[in-house]
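Scroll down for the structure; my scribbles are underneath it.
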Amino acid sequence: MLNIVDHPSPNHRDRAGGSEVDMLVRHYTGMESAEAALARLCDPAAEVSAHYMIDEDGTVLRLVAEDRRAWHAGIAHWRGHNDVNSRSVGIELVNPGHENGYRPFPEPQMVALIELAGDIVTRHPVPPRHVIGHSDVAPRRQTDHGALFDWRRLAEQQLEL
């Protein structure tokens with residue numbers, strides 16, 4: 001059973017036009033530590049957030065309620081939709097990213113991601129083609145998750161095409 005710890009971020013608002021969730025977007029934090037990433041995701045001046053952050057040890061933090069619009073995708077586009085944030089749940093995986101010592105995603109983190117993503121897609125009508133990485137919705141400016149992420153493993157769980 002997944003243990004989710006609430007750690008509210010002030011960075012959210014209503015979903016535009018009453019949009020329903022039909023996408024799940026995964027990111028990596030791209031920062032040197034989980035503490036630095038959490039501070040940024042909860043800093044009102046940063047104007048960035050996600051619904052969840054999963055630390056490398058598998059700890060899951062809920063930053064924004066799923067019925068709210070978190071600010072994780074930025075300028076993004078997917079299958080004819082430009083306001084990805086209003087249609088998606090965003091999950092940040094703690095990883096320093098390509099600029100700070102990119103490394104494989106540890107087993108406890110992957111297990112937590114699979115469980116959390118599986119739970120999200122049972123509560124929202126998210127087809128596998130809408131379970132995507134940040135680089136899918138913003139390919140010109142984002143590289144996360146990259147080659148060290150186990151894309152195949154998510155596909156085997158029908159959480160990725």
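The values are calculated or read from the model by the stated rules, or taken from the named source; none is laboratory data. Predicted model only: the values in this text are computed from it and were never measured. Cβ sites come from the backbone with ideal geometry, for glycine too, and all protein chains shown count toward neighbours. For accessibility, only protein heavy atoms count, side chains too; no ligands or nucleic acids. Shrake-Rupley method; radii C 1.70, N 1.55, O 1.52, S 1.80 Å.
Key figures for this structure:
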| read-out | value |
| --- | --- |
| Where the chain is the region considered: accessible area per residue in Å², 1.4 Å probe | 48 Å² |
| Relative contact order [Cα under 8 Å, 6+ residues apart], the chain, whole percent | 30 percent |
| Linear extension gain, Arg141 paired with Ala39, 0.36 nm per residue minus alpha-carbon span | 34.5 nm |
| Whole-percent carbon and sulfur share, accessible surface of the chain, 1.4 Å | 50 percent |
| Listed residues Gly133, Val84, Ala117: farthest to the positive end of the dipole of the stretch 74-161 (Cβ charges) | Val84 |
| Fully extended contour minus Cα-Cα distance, from Asp6 to Glu156, at 0.36 nm per residue | 51.1 nm |
| Antiparallel bridge percentage (DSSP; both residues within the chain; nearest 5) | 30 percent |
